[in-house]
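Below is one structure, written out as structure tokens; the observations come after it.
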Amino acid sequence: MSHTKVTERPQRWPAFTSPIRSTALTARVGSLVGICFLVCLGTGLLSHYQYRPWSWLPEPASPVWLYRFTQGVHVATGMATIPLVLVKLWSVYPNLFRWPPMRSVKHALERLSIFVLVSTALIQLTTGFLNALNWYPWPWDFVSVHRFLGYVVVGLILLHVGVKLPHIVYGWQAKLPEADVLTEIPWSENPNAHSNACDVPPPATTALSRRGVLVAAGAGIGTVVLTSVGQTVTPLEPLGLLAIRQWTKGPQGVPVNKTAAQAAVVELAQSADWRLQVAGLQAYSLTLDDLEELPQVEADFPITCVEGWSAGAHWQGIPLLEVVRRAGGDASSRVRVVSLEPDGLYSTSVVEGPQVTAALLAVHLNGERLDVDHGYPLRLIAPNRAGVLNTKWLGRVEVN
């Protein structure tokens, strides 16, 4: 078998001799990274489907907690992936300094693909974290870019797994304390180099062991998840040191992403001339007094935001289906609700399928008249639905 001739390494070229890094360690951490990205892609696509469902497969209305669960998993997994990726990069970054840097065209293309993978993954995780903070210091549409980058990252991970599959198989088969130590020449250039690797223990060291690295990484990641997931798992809310939102910190016991002042609707929402305009075969309008006279029902629906926080809430209002029927529609109608907000990305939303029957036009939250920041005088609330699609400050309902 022929091998590429290795030229002499420059005198000042970095050298790494730590016995902690190994193929076994990298394989285990890398596998977890891959699993986390796959979970994020799956739950992220479920979230994206909320915005553009197929007409023949509308979002279900039950279980009411489904979106709360999937989006909570999405954000919690994304948060956990950040330190996990850093550990993975720490375990392999000495490979950047192997000599010579480029051994062949194939090797150069492999390194280029890894560079694109790492760069894209870091961008995806960073922008996802900033989205959770509700901060967008970039000019592009986050939702679209985040989704397409997800495809790119997972595609590159699958490519990377295909290229490194022999390494991964060896890494999982080798015992963690006894697996090979990273050396100056990558084993892919000599596939037989590992034949007796497990017979040779790593050099003695007083540093953290390989198992210690995994334990420390697991403890750190567990701490990140535990102190952030309280924004979704209510009993853990007191531990929410890293939680972006907490249900106890918001009017009427529910957090708010956008206030009425930020939406520029305070005067419109509190105007004595407010009317709900209902368009359909039988168009009509409703005043606040009219709403109070209509039959109202109560329901417990969580409100869940794409940023990952959620809160259970008790709602009271008019069934959307009642308003739809008065306009000449029925449970099969496609309903479009329009906010008073003059310029908002989600100032309109569409309700169809099972959610038409389940949704409320809410006037009360947790036993109190809606706070203006929660959508006074009227808001949509439906189960298993992204928070931004539960349109606030309603001014119009269109029944088709």
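Test of understanding: ordering F115, F69 by Cβ neighbours within 10 Å, fewest first, what list do you get?
F115, F69
Consider all pairwise Cα distances in the chain and report the whole-number % of them above 36 Å.
40
Could you work out the relative contact order of the chain? I mean the mean sequence separation of Cα pairs under 8 Å and 6+ apart, divided by the number of residues, in percent.
20
If I fit a long axis through the Cα atoms of helix 105-132 and take the longest principal axis of the Cα atoms of the chain, what angle between them do I get, 0 to 90°, rounded to 10?
Rounded to the nearest ten degrees, it is 30.
For a quick check: sort R28, R211, R326 by the number of other beta carbons within 10 angstrom, fewest at the front.
R211, R326, R28
Expressed as an acute angle from 0 to 90° and rounded to the nearest 10, what is the orientation of the C-alpha long axis of helix 142-173 relative to the principal long axis of the chain?
Roughly 30 degrees between the two axes.
Kirkwood Rh, Cα Rg: Rg to Rh for region 23-239?
Dividing the radius of gyration by the Kirkwood radius yields 1.02.
Straight-line reach only, C-alpha to C-alpha below 23 angstrom: list the lysines that K106 could link to, leaving out same-chain residues fewer than 8 apart.
Straight-line reach from K106, under 23 Å: K5, K164.
Counting Lys and Arg as +1 and Asp and Glu as -1, each charge on the Cβ, what is the dipole of region 344-400 about the Cα centre in debye, to the nearest 20?
Using only the charged Cβ atoms, the result is roughly 20 debye.
Tilt of helix 23-51 relative to the longest C-alpha principal axis of the chain, in degrees (0 to 90, nearest 10)?
20
Taking 8 Å as the Cα distance limit and 6 or more residues as the minimum spacing, I'd like the relative contact order of region 253-399 as a percentage.
30
Please give the calculated 222 nm ellipticity per residue for the chain, where each DSSP H segment of at least 4 residues contributes -39500 (n - 2.57) and the sum is spread over every residue; nearest 500 deg cm²/dmol?
-13000 deg cm²/dmol
Quick one: Cα convex hull volume of region 253-399, Å³ per residue?
In region 253-399, the Cα hull volume divided by residue count equals 99 Å³.
Take R379, R12 and order them by how many other Cβ atoms sit within 10 Å, fewest up front.
Taking fewest neighbouring Cβ atoms as first place, the list is R12, R379.
Using alpha-carbon pairs under 8 Å, 6+ residues apart, how would you state the relative contact order of region 22-79 in percent?
Relative CO of region 22-79 lands at 51 percent.
Each value in this text was obtained by applying a stated rule to the coordinates, not by laboratory testing. Since the structure is predicted, the reported quantities are computational estimates derived from the model, not experimental observations. Reconstructed Cβ throughout: ideal geometry from the backbone, glycine too, with neighbour counts over all protein chains shown.
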